[in-house]
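Right, one structure below, let's go through it.
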Number of protein chains: 2
Amino acid sequence: MGSLIKSWVESANSAETPFPLNNLPFGRYFDGAVKTPCTAIGDDILDLRAVEKTGLLTVGRGDFFQHAGGVNAFMEAGPETWSAVRAALTKLLSESNFEKREALSACLRPMNETRMAMPFDVSEFTDFYAGRHHATNVGTMFRGAENALPPNWLHIPIGYNGRASSVVVSGSDVRRPWGQLKSPDHDVPAFLPSRRFDFELEMGAVVGMPSDGPISVTEADAAIFGYVLLNDWSARDIQAWEYQPLGPFQAKATATTISPWIVTAEALDPFRVDTPAREFALLDHLKDAGPMLYDIELDVTLSPKNGAPTTVTRTNYREMYYSAAQQLAHHTTSGCPMRTGDLLGSGTISGPEKSARGSMLELSWGGKEPLTLDNGETRAFLEDGDTLTLSGAARGDGFTIGFGPCAGTLLPALNEPYAV
Amino acid sequence: MGSLIKSWVESANSAETPFPLNNLPFGRYFDGAVKTPCTAIGDDILDLRAVEKTGLLTVGRGDFFQHAGGVNAFMEAGPETWSAVRAALTKLLSESNFEKREALSACLRPMNETRMAMPFDVSEFTDFYAGRHHATNVGTMFRGAENALPPNWLHIPIGYNGRASSVVVSGSDVRRPWGQLKSPDHDVPAFLPSRRFDFELEMGAVVGMPSDGPISVTEADAAIFGYVLLNDWSARDIQAWEYQPLGPFQAKATATTISPWIVTAEALDPFRVDTPAREFALLDHLKDAGPMLYDIELDVTLSPKNGAPTTVTRTNYREMYYSAAQQLAHHTTSGCPMRTGDLLGSGTISGPEKSARGSMLELSWGGKEPLTLDNGETRAFLEDGDTLTLSGAARGDGFTIGFGPCAGTLLPALNEPYAV
């Protein structure tokens, strides 16, 4: 697991900060109206555009971060550049670097005074369904325990294309959507605000290296720049009516919230773990090629409008049946070109226990067993004003790698979605 | 329908050219390696970057077409600019314009010596399933005539998100994909080249104006810049195994071919027609708000490697149950943001007759009734070396509006998709 790498930025040396020098995630903050690439160190962000301007960061072409699209340009440069920039930043911020502290200090800003932007430009968004406990729970509710998993599920990481335009950064409000719904006791559908609006706890893998044909699991693992927390907001009632035969569409298009920071695969490397045991061997092109999941503790809190947060889920990314590398390899089998900035949602991450379920659908068992919050309120699905916050932590020896919060507040539906 | 607008470019005055002055589609050609915005007039293309440089095209900001992304920038400028540029080009190229012929002639290039690029940058790609004959045919094959249409089909334009990175321009070869397949007589799937590779005849609507929340059908119609021909290549055997429960994924990700020209909604305006009669009224937000389909004759030819083309399908875009405006309006119901350059596939356009079916799946009835080509060969699905060419024509009084061919040749699968 390694141990804490000490920094001259004192707040980065605590065992609890999500941003020790071991982390060095990438994101963008708003410098005025300008999305500006940055990293996080302790309680501060480090403006990478400013660092480049000091002349102290000359790796690669040395001007990646001068533009809003800089994080994408940096990702496209490939793994050698990722490592070189990480090594350079580690050196600049390490406790033993006495020389450059003054110039670098001028590039720091207090994180709590900073507004974060989307950490990168999302090219396309794909969402998977690769958590076995989640798929089993949902399948049991809809098809019974005998037929819980579809026949393909243990052979192929099931996924569908989502909507990149609806991906937003933590802190963005989410408006309860209208949609076409049909209740079982009506013959025809109606157009109404969703009544079964939900969260889904996921991780997102960010593709760094583009590809133009089938790539192996090993190549796919190397193409992934890093990971974000991801909340795949879902309107269950819209989904139930629309999803046959071509899958979820508007049910998943209102918003998908991600954390403000991409934690690099390199930072997470000490936390690699294997996928779970399998009852069917995967086909060769999907076989595990080393530990490609990560031991990341995950939790979700629900904060009602006027109340303290209740932790509703505690689980771990290692519960997934397929790694992001396997998902990405599968994504390319057809020859599908992948691009820098493609985002792959893991699928909902539920653990085996009831308290480890990653969605309200599972936690309230389809709404039949409402959850009681710490303030005494109950929840079958989300209510207006609820704030959902996803957190993640990989815990090393005396240090923690975090992602920053992945939070969003549910606003009430529009009274009337169309101008009259 | 209007009548032919005569141009001083003589070849544009024939009743048969797809590119009379009435058309003025938008696309990009390769000027060396540079994607350069252009329009088509008779047998020529007109380089719009060059026209802007002459100072003769000063509408809007006057420099839309100086960059490869110019068609997208122009689309984003909105309907007033679209009309103004169209009016300016019509004036410059009209027979009555004697003054500027020399300067403009220097901007013309013979189309048959020109290589076309993607006409615009695709932001995201959505594919619908909005042709009733197609949905009925496919449903009958898979679920029987009694349950052919899913319960939602007559109430909602069913769609799914496709993969923008796989959209290619006419003339691009398409490589037969590998994929996970399971035959009914095997217990487990295998990884093999697709054996049931197919085309789908569609139209694509190109979103010009972005939106950030629900928009009405009327607003959606006004947001559509124009239309392309679209071949949604489909691996039926990959789809059969993967599509439950979240819809098609790798089956549709190999390639989607579009025509080199976007024909504007304004050029197609004289050909507007109503959607067909409905047995269920649509909900208010999806109701027809005027004629928003188009009378466009469509056909598909299949050219085997060593043989003459056989016309395998003749149909019409007016066969659709939902217009692109209705699809786009539905797409925004959840609040899903739409962006300039979003591409919406209509769904396969089949007519009521057997000869009007828009895919091999329907033409060969799931492979059971192979088609006989003019050279005596038979086809259940596509074979390596087959070239598929989609054509479209809106026929006015003494003129024709066309899209240029939408063609692609199927290459054999890779012998071994992974380096060993």
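Below are the figures for this structure:
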| read-out | value |
| --- | --- |
| Theoretical gain in end-to-end length, B:K368 to B:L411 [0.36 nm per residue, Cα-Cα removed] | 13.1 nm |
| Charge tally in the Cβ shell below 12 Å around B:P304, where Lys, Arg are +1 and Asp, Glu are -1, B:P304 excluded | -3 |
| Whole-angstrom gap from segment A:372-420 to segment A:195-236, using each part's C-alpha centre | 20 Å |
| Shape of segment A:10-117, Cα gyration tensor, a/c cut at 1.5 | rounded |
| Prolate/oblate/rounded label for segment B:125-411 (Cα gyration tensor, a/c 1.5) | prolate |
| Label-point separation, A:R314 to B:S172 (7 Å along Cα→Cβ), nm | 4.9 nm |
| Segment A:61-98-segment B:284-322 distance, computed between alpha-carbon centres (Å) | 51 Å |
| Across the identical copies, how the A:A222 labels are spaced - nm, sorted shortest first, 7 Å along Cα→Cβ | 5.3 |
| Within the accessible area of the protein assembly as shown (1.4 Å probe), percent carbon and sulfur | 50 percent |
| Per residue accessible area in Å² of the protein assembly as shown, where ligands, DNA and RNA are left out and the probe is 1.4 Å | 36 Å² |
| Residue and distance (whole Å) for the chain B Cβ nearest the axis that superposes B on A | B:G247, 1 |
| Gain in span if fully extended, A:D63 to A:E279, counting 0.36 nm per residue against the direct Cα distance | 72.8 nm |
| Global geometry of segment A:116-245, whether rounded, prolate or oblate, following the gyration tensor of its Cα atoms and the 1.5 cut on a/c | oblate |
| Separation of the B:D43 and B:N375 label points, Cα + 7 Å toward Cβ, nm | 2.8 nm |
| Ascending list, in nanometres, of distances separating the A:T311 label from those of the other copies (7 Å, Cα toward Cβ) | 7.0 |
| Given charges at Cβ of Lys, Arg, Asp, Glu: chain B dipole, positive-most of B:G70, B:S211, B:V9 | B:G70 |
| Of the GluC sites (Glu not before Pro) in segment A:1-82, those whose Cβ has at most 13 other Cβ within 10 Å and which sit in DSSP loop | A:E16 |
| Within segment A:1-70, trypsin sites (Lys or Arg not before Pro) in DSSP loop having at most 13 other beta-carbon neighbours inside 10 Å | A:R61 |
| Under 12 Å from A:K305, Cα to Cα: aspartates and glutamates that are on another chain or at least 8 residues apart | A:E377, A:E383, A:D384, A:D386 |
| Value at 222 nm in deg cm²/dmol, rounded to 500, when DSSP H runs of n ≥ 4 in the protein assembly as shown each add -39,500 (n - 2.57) | -4500 deg cm²/dmol |
| Spatially close lysines, pair count over segment A:1-129: Cα under 17 Å, gap of eight or more or interchain | 5 |
| Radius of gyration, Dmax [the protein assembly as shown; alpha carbons; angstrom] | 27.4, 82 |
| Chymotrypsin sites (Phe, Trp or Tyr not before Pro) restricted to segment B:231-318 and DSSP loop, no more than 16 other C-beta within 10 Å | B:F280 |
| Rough spin-label spacing in nm, given labels placed 7 Å along Cα→Cβ, for B:D187 and B:L154 | 4.4 nm |
| For B:V273, inter-copy label distances in nm, listed shortest first [label point 7 Å out on the Cα-Cβ vector] | 6.1 |
| Interface size A-B, as summed buried accessible area [1.4 Å probe, Å², nearest 100] | 5400 Å² |
| Nearest-ten-degree value, helix A:79-93 long axis tilted from longest Cα axis of chain A | 60 degrees |
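The values are calculated or read from the model by the stated rules, or taken from the named source; none is laboratory data. As the structure is a computational prediction, the values presented were derived from the model and not from experiment. With ideal geometry, Cβ positions are generated from the backbone for all residues, glycine too; neighbour counts draw on all protein chains shown. For the accessible areas, the whole protein counts, side chains as well, though only heavy atoms, and no ligand, DNA or RNA atoms are used. Shrake-Rupley method; radii C 1.70, N 1.55, O 1.52, S 1.80 Å.
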